[in-house]
Every structure is written in C-alpha cells, then in structure tokens.
Amino acid sequence: MEKENLICLLKIKGTEVSLALEPSTLSWSYNKRRVFQKKGITDSIPLNEIVTVVLGDTKEQTKSISAPSNQFTVYHVCRKSSQRWSLEGVTFTAPDAQVAHSWVQTIQKRMAETGQIRPKKLLVFINPYGGRGKATRIYYNEISNLFKMAGIKTDVIETTRANHARDYILEADLQTYDGVVCVGGDGMFSELLHGLVRRTQIDNGICEELEDAKLSPCNLRIGIIPAGSTDCVCFATVGINDPVTSALHIIIGDTQPMDVCASYHNGQLMRYSVSLVGYGFFGDVLKESENMRSVGPMRYDLAGIKMVLSNRSYRGTVEFQEARDHNSSPRDNTRCRTGCLVCSESSDRLRKMAEESPDESDTWKKVTGSFMAINITAMSSACPKSQDGLSPTAHLADGTADLILVQESNTIQFLRHLSRHTNRKDQFALPNVEVHRIHAMRFTPEEVDEEETIRRKKSFFACPCGEMAETSTWNCDGEILDCAQLSVRVHHQLIQLFARGIEDSSCG
C-alpha cells in the first residue's frame, strides 16, 4: 500500500468511516451521524495494543474462507476498567479484496515497527494443584486460544512436583524461547524466578552463591497468568489478578524490569525474593501456619490472630545501607506506575553515585532494639486485601527496597500498624514504626538473657499461644528461612516481566 492510501474510506457495519494509519495509532472517524453518536467522532487504537489483524470478519475466523475477502478484522486490547483488559475485534469493509489485503499487510508491518518485542514462542508451566486446581482450566479455556490467535507457539508442561519448573529451566535448551510463563500463584512464579536467575548465572559463568557476586540480568521475560491462592506479584505489577489481562500483556510484548532481593546466611545464598522478606511477625505467622494446614487458607488468619495475641518481639541489631538517591523516599507519596521516571532513570543515577563515591561504607546505619517485625520489600507488595501493600511508594526497578522496622509495643499499637495495611492512612506515621529506603541490610540477633527469659515465661499469653522462642524465622516470599542472622542485598533490574507496571486510571 502506498503512502497516500494510509487514509481510506471504509465501512464498519455499513457505516462509512475514514480509516487512518498514523505512526503510533490506528484511528477512524464516522462520516455520518450514528445513533447516540455525533458525526465525526473518532476512535483510535495504539498500534502496540493491537493483538492481531486478519482477513475476514469475526464470524469468518472460525471457518475457512474460500474466496478472497474484502473485509479485515483488527483484534485489540479493550479496557473494561482502569486495569482490566479484554480482547475486542472491529471489522472493516474495504472496496475490494486487494485493498483489504493491503491494509492487513501494512498494519502488520507497522505493528512490528513499534519497538515492542513480541514473543513468538513461550515455555508455559501449569501448576494443576495450585489455586484449588483451577490453573489447567483457566489456561485451556481462557488463554491458549489467545496465544494461538496471536501466532504464538507454546510448549506446555504441567508440573508434577515441587520445583519441577525450576529444575526443568536449569536443564532445558531455552534458546528457542522468548519467555517463560507460569500459570499458578506466587509459588510457581518463585520457581521460575529461581530457575531463570540460576540458569542465567550458570550460562555466564557467575557463582551466584557468594554474597558479593555481581549477578547477570536475565534476558528471558517471565509471564504470570494468575491462577493461585495468592498472586501478589501479578497484582503489584499489573494492578489486577485477571488471567486475560495478563495474557494480553504477554501477547503485545510489554516489558517491566524488576529488582530482586537475594538473602544470605553466613555469606551463602539462601533464596531470592521480589516481595516480602520478613522477620518477627510475618516469619512467626508463616511458621505457625505450617501446623494448621488442615484448615486450608484460613490457617494464615488463625496464625495471625495467635501471633498478635502473643505480642512477641525479638532483640537484635539491624544494619542497613541507606539509598542516597534524593529523587524518591518511602514517604514521598509518589507511586510507581507505568513509565515511572524513578525506575527508568535509576541506572544512570546508580552509576553516577558509584563513580562519585566508590566507598559506600559511610552510608551504613545501625539500629539496635527489640523488634516486633522487620520487613523488607522490593515492591509495594500490594494484593487484593491490601490495595496499597506494605510500602505504598516502593518502586519496582530503582535498585532499592524499603526496610520497615516495627519496634516493641503493646498489642493495640501493633494492631494499629497492621490495620493501616488495609486503609489509606500513612502506614509509617506511628511512634513505633520507621522506614528506610535501602540497598542492603544485615540483621544480627542478640542472645536473650536470663531475666528476659523469665519475663517471657510469665507473659499472660505464654501458655495459650505457646512458649516464646528466643529468635524468629524469616518469611521469604512465603518460604521459611529457619535462621535468624541474615543479610539481604538488592540486585538492580535482575529480571523482566511481561507487564508494564500499574497504569494510572487516566491511562488509555
């Protein structure tokens, strides 16, 4: 199609429209007044949100077309709400089959020139046991046909055991894939995270086990089709736990870099995480919930109630390397959203700071005390139950994490802190809570003296809630790290997701 034909008179359901293909959008305006619409009203679709364009109308796609069609259909992202996406098709009728064919070819060419790198082949893992067994049904009923329509080839593996996906990624030939996708919850995502990060380090000859290792970023993107009991990572990076929305982000090739926290004990790698690394309350809740598996998901609520009543605190010293970037703060009320400047400009800022002050020993600070909770999160950790998360202004890819210290306090004060995870009040405007934006942290527990041991045994809730241990354990994205001493380091933009961050409600 020649350049002058990029504006053309076509029809939609018999109504004449002027269709225009612009550098970044496909738009059309109605030349006659329609029912409930004014003449000249214009609709447009961003080229990077077109899923596919094919000859024929929406009904003909399910049957073979024996003769050349003078119609073509553009399938594109449609926003049902601020975050929820769906697939919609609009069919145009051209004067003849040749014009229709030319439009299809030209739109496809422009789609390829948008800069979005769309996947052509994906490795898909389905956890058939997670999320009450709904993952398989979700994939085959809602997702597989979308991938097929977009021309994406898939190799699908249903996992049969824990760490099946991680082990497969470590051994398989991944060169033919453009990404790996998990259909499940946060546990499945964690498997892909560990497998892909470890495989990348092996391929680049890097020993990931050492605390001072400079890890190589992963090239393959990770896609998440939410189908688990918890989908915190998906919610915090897309804004909704909806399988179709996530699939459309994958199809159009959205890319969202993410920081990853690595946890070390005695200098050796323990686990990676992108959400919570928590000591004290969240560690105790996770460990206690393991004894209540028979009651199902309710075990977390029951364990939480028990830990609140026990009012446990643990002495120790927290050392942390505070971020020197003055462009963001845990309390600046600036949310990480699509196109976040704090994240996109972070690589240059981190490099300049390293060049200006290579010795960062003076940026380490120390806090010693008795802590009810020590929480580190590299993102907001938002979820449907906590729309703002643990740290509402944490960024996905700026090379930092937020360290939240909750000092020893009474039960009422601690409940006030927890309740603010579910409302819009400032979570850190409490006398027993402080927050710091950090690059790294070290925690060293203190031994409990005899006087403190006696006090704990005499505690009112010691009997019904169990004897208070001298140390807690760490909750690392839902996995128990049964140790107290721990170091955490943030690795800048170590992985990439098929996502674009949470869009503001005004987007689209």
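The values are calculated or read from the model by the stated rules, or taken from the named source; none is laboratory data. As the structure is a computational prediction, the values presented were derived from the model and not from experiment. For neighbour counting, all protein chains shown are included, and Cβ atoms are generated from backbone atoms with ideal geometry for every residue, glycine included. Heads up: the accessible areas ignore ligands, DNA and RNA and are worked out on the full protein's heavy atoms, side chains in. Shrake-Rupley method; radii C 1.70, N 1.55, O 1.52, S 1.80 Å.
The set of residues in region 328-351 that are out of contact with any Ser or Thr (no Cβ under 9 Å at 6 or more places or on another chain) and either in a helix (DSSP H, G or I) or open to solvent by 60 Å² or more (accessible area, probe 1.4 Å) (or both) comprises ARG337, GLY339, LEU341, CYS343, SER344, GLU345, SER347, ASP348, ARG349, LEU350, ARG351. Filtered by the rule that a residue be touching a residue at least 60 places away in the same chain (Cβ under 8 Å), in a helix (DSSP H, G or I) and not β-branched (Val, Ile, Thr), region 192-225 gives LEU192, LEU193, HIS194, LEU196. When residues of region 265-288 are filtered for being small (Gly, Ala, Ser) and surrounded by fewer than 21 Cβ atoms within 10 Å (Cβ to Cβ), how many remain? Within region 265-288, residues that are small (Gly, Ala, Ser) and surrounded by fewer than 21 Cβ atoms within 10 Å (Cβ to Cβ) number 1.
Scanning region 159-188 for residues that are crowded, with 18+ Cβ neighbours inside 10 Å, over 25 Å from GLU142 (Cβ atoms) and in contact with a helix residue (DSSP H, G or I) (Cβ under 6 Å, 6 or more places away or on another chain) gives a single hit, ARG166. Looking at region 233-250, can you tell me whether even one residue there is farther than 25 Å from PHE147 by Cα and either surrounded by fewer than 17 Cβ atoms within 10 Å (Cβ to Cβ) or out of contact with any Phe, Trp or Tyr (no Cβ under 9 Å at 6 or more places or on another chain) (or both)? No, because not a single residue in region 233-250 is farther than 25 Å from PHE147 by Cα and either surrounded by fewer than 17 Cβ atoms within 10 Å (Cβ to Cβ) or out of contact with any Phe, Trp or Tyr (no Cβ under 9 Å at 6 or more places or on another chain) (or both).
Among the residues of region 236-273, the ones that are closer than 19 Å to LYS214 by Cβ and within 13 Å of the chain's Cα centre (by Cα) come to 5 in all. In region 195-224, the residue that is nearest to ALA162 (Cα to Cα) out of those that are β-branched (Val, Ile, Thr) and surrounded by fewer than 17 Cβ atoms within 10 Å (Cβ to Cβ) is ILE202.
Going residue by residue through region 40-54, is there one that turns out to be at pLDDT 95 or above, under 22 Å from MET149 (Cβ atoms), of a type outside the set (Lys, Arg) and more than 39 Å from the chain's Cα centre (by Cα)? Within region 40-54 (the criterion being at pLDDT 95 or above, under 22 Å from MET149 (Cβ atoms), of a type outside the set (Lys, Arg) and more than 39 Å from the chain's Cα centre (by Cα)), the answer is no, since none of the residues qualifies.
Among the residues of region 382-393, those identified as under 18 Å from PRO330 (Cα atoms) and open to solvent by 10 Å² or more (accessible area, probe 1.4 Å) are SER386, GLN387, ASP388, LEU390, PRO392. A single member of ILE251, ILE240 is touching a residue at least 40 places away in the same chain (Cβ under 8 Å) and under 30 Å from GLN201 (Cβ atoms), and it is ILE251.
Only one entry in VAL318, VAL277, VAL285, VAL342 is touching a Gly at 6+ places or on another chain (Cβ under 7 Å) and either of a type in the set (A, V, I, L, M) or at pLDDT below 95 (or both), namely VAL285. Taking the criterion of being open to solvent by 20 Å² or more (accessible area, probe 1.4 Å), part of a helix (DSSP H, G or I), farther than 22 Å from GLN413 by Cα and not hydrophobic (A, V, I, L, M, F, W, C), the residues of region 289-324 that qualify are GLU290, ASN291, ARG293, SER294, ARG299. Scanning region 253-264 for residues that are open to solvent by less than 10 Å² (accessible area, probe 1.4 Å) and closer than 18 Å to ARG337 by Cβ gives ASP254, MET258, ASP259. Within region 128-150, restricting attention to residues that are in contact (Cβ under 8 Å) with a residue 40 or more places away in the chain and out of contact with any strand residue (DSSP E or B) (no Cβ under 7 Å at 6 or more places or on another chain), the residue that is surrounded by the most Cβ atoms within 10 Å (Cβ to Cβ) is LYS134.
Mind checking which pairs have a first residue in region 423-443 that is in contact (Cβ under 8 Å) with a residue 12 or more places away in the chain and a second that is assigned to a strand (DSSP E or B) and open to solvent by 30 Å² or more (accessible area, probe 1.4 Å), Cβ under 6 Å, 6 or more apart or different chains? These pairs meet every condition: ASN432/GLN407; HIS436/GLU322; ILE438/GLU322; ALA440/ARG489; ARG442/GLU319.
Restricting region 100-127 to residues that are farther than 22 Å from ILE152 by Cβ and crowded, with 19+ Cβ neighbours inside 10 Å leaves a set whose member that is farthest from the chain's Cα centre (by Cα) is ALA100.
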